[in-house]
Amino acid sequence: MGVLLERKVQVIFVTASSVKENGKAREVIVESRPQYAVVQLSGSKEKYSVAWEMIYRLAKKRHAENLRIEARSKEQRESLRRKKTA
């Protein structure tokens, strides 16, 4: 079995989410690296590296709130459907 010493693939995600910076909405770009992620706004030169462990901790911390937001959104969609059929 061979060992890959250099990374041959670069994974970059352009999110559907946007952040307003300097009065302009910009997409968030996440670049995957082996030990961390690099986050930047499209059209910006500023890059911020974040350890994958920190991303996991933040996701774990926000999980309960995210579930509440999803449930609230689902209730609103169902309410709209009921109003349309009524």
Listed residues Leu41, Leu58, Leu67, most fluctuating in the chain (Gaussian network, C-alpha, under 10 Å): Leu67
In square angstrom, what is the accessible area per residue of the chain with a 1.4 angstrom probe? 92 Å²
Could you work out how far helix 52-85 tilts from the main Cα principal axis of the chain, as a 0 to 90 degree angle to the nearest 10? 30 degrees
Quick one: which residues, 5 or more positions from Arg33 or on another chain, have an amide H under 5 Å from its amide H? H modelled 1.01 Å from N in the peptide plane, none for Pro or chain starts. Val38
Once you've got the Cα coordinates, tell me which of Lys24/Lys47; Lys20/Lys84; Lys24/Lys83; Lys20/Lys45 are over 27 Å apart. Lys20/Lys84; Lys24/Lys83
Using modelled amide H (1.01 Å from N, peptide plane; none on Pro or chain starts), what sits under 5 Å from the amide H of Ser49, excluding residues fewer than 5 places away? Val39
Residues whose placed amide H lies under 5 Å from that of Glu21, excluding near-sequence neighbours: Arg26
Pick from Glu53, Glu70, Glu27 the residue whose mean-square fluctuation is largest in a GNM of the chain, springs joining Cα atoms under 10 Å. Glu70
Which three numbers, in whole Å and largest first, are the semi-axes of the equivalent ellipsoid of the chain derived from its Cα gyration tensor as √(5λ)? 35, 19, 14
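The values are calculated or read from the model by the stated rules, or taken from the named source; none is laboratory data. Since we're looking at a predicted model, the values are computed, not measured. Ligands, DNA and RNA are stripped out before the accessible areas are found, and what is left, the full protein with its side chains, is counted by its heavy atoms. Shrake-Rupley method; radii C 1.70, N 1.55, O 1.52, S 1.80 Å.
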